[in-house]
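The values are calculated or read from the model by the stated rules, or taken from the named source; none is laboratory data. All figures in this text were calculated on a predicted structure; none of them were measured in a lab. Every residue, glycine as well, gets a Cβ built from its backbone with ideal geometry; the counts of neighbours run over all protein chains shown. To get the accessible areas, we keep the full protein, side chains included, count just its heavy atoms, and leave off ligands, DNA and RNA. Shrake-Rupley method; radii C 1.70, N 1.55, O 1.52, S 1.80 Å.
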Amino acid sequence: MGYTITPLSEHTGAEVRGIDLAQAIDETTRESLNRAFVDRSVLVFRDQRLSPHQLLAAVGLFGEIFPQHNSRFALPECPLIHYISNQDFHPDGRRYIPGEGYHTDHSNAAAPPKATVLHAVSLPERGGDTQYVNMHLAYDELPGETKRRLDGLKAIHVYQSRHSARQLMELSEESRDHVPDAVIHPIVRTHPESGRKALYINPIRIEGIVGMADGEALALLADLLELATKPRYQYRHRWRAGDLVMWDNRSLLHRANGDYDMSQRRYLYRVMLKGDAPV
Ligand SMILES: [Fe+2]
């Protein structure tokens, strides 16, 4: 297959050109895309135009589909796909901007999704970038003393932390029954495929650190977040029509930007892939 994989920054992101994900992909190509995914943490497939069912089939090349938590965003015709939209509102009338503030997806699951995929359906003329920061680099560059302090520490993740600056959309009634109350994950995790260590923090979902007083835990998490989100760890994705972007939740934090004209519709399909319990 005549396709290219080109780095998008020094450490994170690669652009894939010359592949139409609506067509069959051979095994060699599938393996090389999976390798590039682990190495670069973000894959950007340009010029795709996939229906929800084609998107599910394409994403299936990389793993098994993870059922997302809040069914209010599920597409009725294809419920394993959810949508991300700037046209939804909280019950009090405020506009809901999904994904603002750095986080990793669904870390309140016992085995959180290894990957999240977004496929652009409708984009604003400008703005609405997605920012990624590389948690392997952030971990590698921590002072030795901090690494020793983090060794063995575990965080408690819930659907919505009482310390979160961002308010999530309330869970739909039917979702409440199968979203776990709280799970515990290490603050430093090892990538099951590359063996690299990464910081695994999430200001939206972490409720506390096991065995640590709240004040101390919040101060530590705030310090880590500041260290981890330095511009030099970042790849900033500027969306183009037809983009399908897939990222590794085991390696990155990400955030959306609500910096665009809200009268313009921003609408993307979202799919996730099953992952392992972090260790
Ligand atoms: Fe997200």
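Things worth noting here:
- Among the protein heavy atoms, those of Thr229 account for about 40 Å² of accessible surface (1.4 Å probe, every chain in place).
- Descending Cα extents along the principal axes, segment 11-155, whole Å: 51, 50, 33
- Taking 18 Å as the straight-line reach from the Cα of Lys147, the lysines in range (excluding those fewer than 8 positions away in the same chain) are Lys197, Lys230.
- Sparse-neighbour loop sites [trypsin sites (Lys or Arg not before Pro); segment 47-129; at most 16 other C-beta within 10 Å; DSSP]: Arg49, Arg94, Arg126
- Using the Cβ-Cβ distance between Arg176 and Thr29 with R0 = 30 Å, the FRET efficiency computed as 1/(1 + (r/R0)^6) comes to roughly 0.15.
- Take the Cβ atoms of Ala219 and Ala111, set R0 to 30 Å, and the FRET efficiency comes out at 0.55.
- Relative contact order [Cα under 8 Å, 6+ residues apart], segment 134-227, whole percent: 39
- Probe 1.4 Å, all protein chains present, accessible-area order of Ile184, Ile97, largest first: Ile184, Ile97
- FRET efficiency, 1/(1 + (r/R0)^6) with R0 35 Å, evaluated for Glu64 and Arg148 via beta carbons: 0.45
- Taking 0.36 nm per residue of separation and subtracting the current Cα-Cα distance, fully stretching the chain between Asp129 and Ser194 would add 20.7 nm.
- Exposure rank, largest accessible area first [Met135, Met212; 1.4 Å]: Met212, Met135
- Of the GluC sites (Glu not before Pro) found in segment 155-253, the ones in coil according to DSSP and having at most 14 other Cβ atoms within 10 Å of their Cβ are Glu170.
- Surface exposure of segment 151-279, expressed per residue as accessible area with a 1.4 Å probe, stands at 47 Å².
- Label-point separation, Arg72 to Val279 (7 Å along Cα→Cβ), nm: 3.7
- Dividing the Cα radius of gyration of segment 86-210 by its Kirkwood radius returns 0.99 for Rg/Rh.
- Ligands, DNA and RNA left out, the accessible area of segment 184-267 computed with a 1.4 Å probe is 51% carbon and sulfur.
- Every helix of 4 or more DSSP H residues in the chain counts as -39500 (n - 2.57), and over all residues that averages to -5500 deg cm²/dmol at 222 nm.
- Calculated accessible area for segment 30-114 comes out at 41 Å² per residue, all protein chains present (probe 1.4 Å; ligands, DNA, RNA ignored).
- The calculated pair-distance distribution of segment 122-165 uses every alpha carbon pair, bins of 5 angstrom beginning at 0, and gives 5, 13, 13, 13, 20, 16, 9, 6, 5, 1 percent.
- For segment 174-279, the orientation-averaged shadow of the C-alpha convex hull comes to 9.8 nm² (one quarter of the hull surface).
- Gyration tensor over alpha-carbon atoms, the chain, equivalent ellipsoid semi-axes in Å: 28, 23, 18
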